[in-house]
Each structure stands twice: as C-alpha cells, then as structure tokens.
Amino acid sequence: MYACVECGKEIKKIEHKFVRCPYCGSRRLAKIRPPVAREVSTD
C-alpha cells in the first residue's frame, strides 16, 4: 500500500506503467510500512 505525499490519500494498487496518484496526479508516493515493535537486547 502507498500514500500520496501531495494529497495524503492511500492507494492500494499501482499499475507499474503509470506510477501516479489516481486522485491528484502526483508522482510522489510513499510506501506505508506497518508499525513493528522490535525487541533490542542490551546484554
């Protein structure tokens, strides 16, 4: 899943031919990453 940097809408699927936001036409997209809790050992 991606998010448009300009309008902030989420885009679920992108055609690889046209990497643009279907809502505003911007080519600036950011990959949405799930929040992952990482456990760090201090030993």
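Taken together, the values in this text are just the output of simple stated rules run on the coordinates, not laboratory data. Since the model is a prediction, treat every value here as computed from it, not as a measurement. Positions of Cβ are generated from backbone atoms using ideal geometry, with glycine treated the same way; all protein chains shown enter the neighbour counts.
Just one of the numbered conditions (1) assigned to a loop (DSSP other than H, G, I, E, B); (2) surrounded by 13 or more Cβ atoms within 10 Å (Cβ to Cβ) is not true of Gly8: (2). Per the listing Val36, Val40, Val19, the residue uniquely assigned to a loop (DSSP other than H, G, I, E, B), among the β-branched types (Val, Ile, Thr) and surrounded by 10 or more Cβ atoms within 10 Å (Cβ to Cβ) is Val19. Every condition in (1) surrounded by 13 or more Cβ atoms within 10 Å (Cβ to Cβ); (2) more than 15 Å from the chain's Cα centre (by Cα); (3) among the aromatic types (Phe, Trp, Tyr) holds for Tyr2 except the one numbered (2).
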